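The values are calculated or read from the model by the stated rules, or taken from the named source; none is laboratory data. Here the structure is a predicted model, which is why all the values come from computation and not from measurement. So basically every Cβ, Gly included, is an ideal-geometry build from the backbone, and we count neighbours across all protein chains shown.
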Amino acid sequence: MRLLIALLAGSLFGAGLFISGMTDTAKVQGWLDIFGNWDPTLAFVMGGAMIPMALAWLVRARRATALTGGPLPPPPSRRIDRPLILGSVLFGIGWGLAGLCPGPAIASLSYGGAGHWLFLAAMLTGMAVAPQLRSRLDRAVAAE
Amino acid sequence: MPMDWIWGLIGGALIGTGGAVYLLGNGRIMGASGIIGGLVDGSGRNTAVERIVFLAGVVLLPVLLTPVYRSVDTHLTENALVLVAAGLLVGLGTRLANGCTSGHGVCGMSRLSLRGFVATLSYILAGGLAVVLFRHVLGAI
C-alpha cells in the first residue's frame, strides 16, 4: 500500500512538472530573469500546487496517523540557521545557472538528452558531499 | 505561448495533489531533494524502496506524456561547465538547506512554515541575481 501511494504521488508530481512546463529550463530562467523577457508561469505553478497542499495540511491537523497507519509530520521547526540560508542561496545560484531543480531534473531525464544526465551526476555528487560540509559548518558555529 | 499560465495552474494542481497524497497517505513531506538525497547519503536506507518507487513515477509519467505533448524541448544549455557547476550547487545547496522548490516551496509555504518562506525567498533572490549576472552582465548563459 505504501509503495502504491508512493508511485501515485510520484506520478502526479512527474506529470505536474511536465504539464506545467517546469521541465523547460527557458520557463524557469524566464521567471528568474526580471530584466529580460519575464515569464510568470512559475508563479501559477506554485499557486496551483499550494491549493491542494494547503487543504491537505488542514486535513492533517484533524488526523492522528497517515492512511497507512504511520506517523504524520510534526509541526514545522521555526529555526532559521546558517545552513538554511547558505544552502538556499547556493541552490538558487545553481537553479538560475541551468534552470533545473531536483524534481524537474528527474522528470526530464527520459527525453532531455545527455546534458540532463551530466547535470544529474553533478547534482548527486553535490548531495553526497553535503553532509561533510554541513558538519564543518556546525563545528564552525560551535567554535564561535 | 499565451495559454502557458493555464498549463502552469493545471500542472501545479497535479504537483500539489501528489504532495497531498504523499502526506496523507504515507505521512511524508514531498521534497524531491530529500527523497533523492536520502538515497545518495544513506540517511534514507530504511525507506529506500519507497523512495525509488516514488522517483520511478516521476520519471515514468513524462515518458507516457511526451507523445501527446506540444513541445518537449527543455532548452538546457550545452555548456558542460555550466551544467556541472549548476548541478553541484543544486545538490549541495538543497541538502544543506534541507529542501528545494517542492519541499520548502510547495509543502513548506502551504503550511505557513517560516523556514519554507525564508528558504524560498533566498533561492528565488539568489537565482534572480545569478540570471542577471551570468546572462546580462557576463553573457555566460
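Here A:Ser77 does not fit the description of being among the hydroxyl-bearing types (Ser, Thr, Tyr), surrounded by 16 or more Cβ atoms within 10 Å (Cβ to Cβ) and either at the interface with chain B (Cβ under 7 Å from one of its Cβ atoms) or under 30 Å from B:Asn46 (Cβ atoms) (or both).
In the set A:Leu67, A:Leu12, only one residue is modelled with pLDDT of 95 or more, within 7 Å of chain B (Cβ to nearest Cβ) and closer than 22 Å to B:Tyr69 by Cβ; that residue is A:Leu12.
A quick yes/no check of all residues on (1) in a loop (DSSP other than H, G, I, E, B); (2) facing chain A (nearest Cβ under 7 Å); (3) without any contact (Cβ under 8 Å) to a residue 12 or more places away in the chain; (4) over 25 Å from B:Arg111 (Cβ atoms):
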{"residue": "B:Leu24", "(1), (2), (3), (4)": "no, yes, yes, no"}
{"residue": "B:Ser33", "(1), (2), (3), (4)": "no, yes, no, no"}
{"residue": "B:Gly37", "(1), (2), (3), (4)": "no, yes, no, no"}
{"residue": "B:Asn46", "(1), (2), (3), (4)": "no, no, yes, no"}
{"residue": "B:Glu50", "(1), (2), (3), (4)": "no, yes, no, no"}
{"residue": "B:Phe54", "(1), (2), (3), (4)": "no, yes, no, no"}
{"residue": "B:Gly57", "(1), (2), (3), (4)": "no, yes, yes, no"}
{"residue": "B:Pro67", "(1), (2), (3), (4)": "no, no, yes, yes"}
{"residue": "B:Val72", "(1), (2), (3), (4)": "yes, yes, yes, yes"}
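Consider the stretch A:53-96. How many of its residues are closer than 16 Å to B:Gly108 by Cβ and outside any helix (DSSP H, G or I)? So the count comes out to 10.
Name the residue, out of A:Leu118, A:Leu109, that is without any contact (Cβ under 8 Å) to a residue 12 or more places away in the chain, under 29 Å from B:Val137 (Cβ atoms), surrounded by fewer than 24 Cβ atoms within 10 Å (Cβ to Cβ) and at the interface with chain B (Cβ under 7 Å from one of its Cβ atoms). Walk me through it before giving the result.
Values: A:Leu109 fails: under 29 Å from B:Val137 (Cβ atoms).
Answer to the check: A:Leu118.
In this structure, is A:Phe44 at the interface with chain B (Cβ under 7 Å from one of its Cβ atoms), in a loop (DSSP other than H, G, I, E, B) and not small (Gly, Ala, Ser)? Considered against the rule, which asks whether it is at the interface with chain B (Cβ under 7 Å from one of its Cβ atoms), in a loop (DSSP other than H, G, I, E, B) and not small (Gly, Ala, Ser), A:Phe44 comes out as no.
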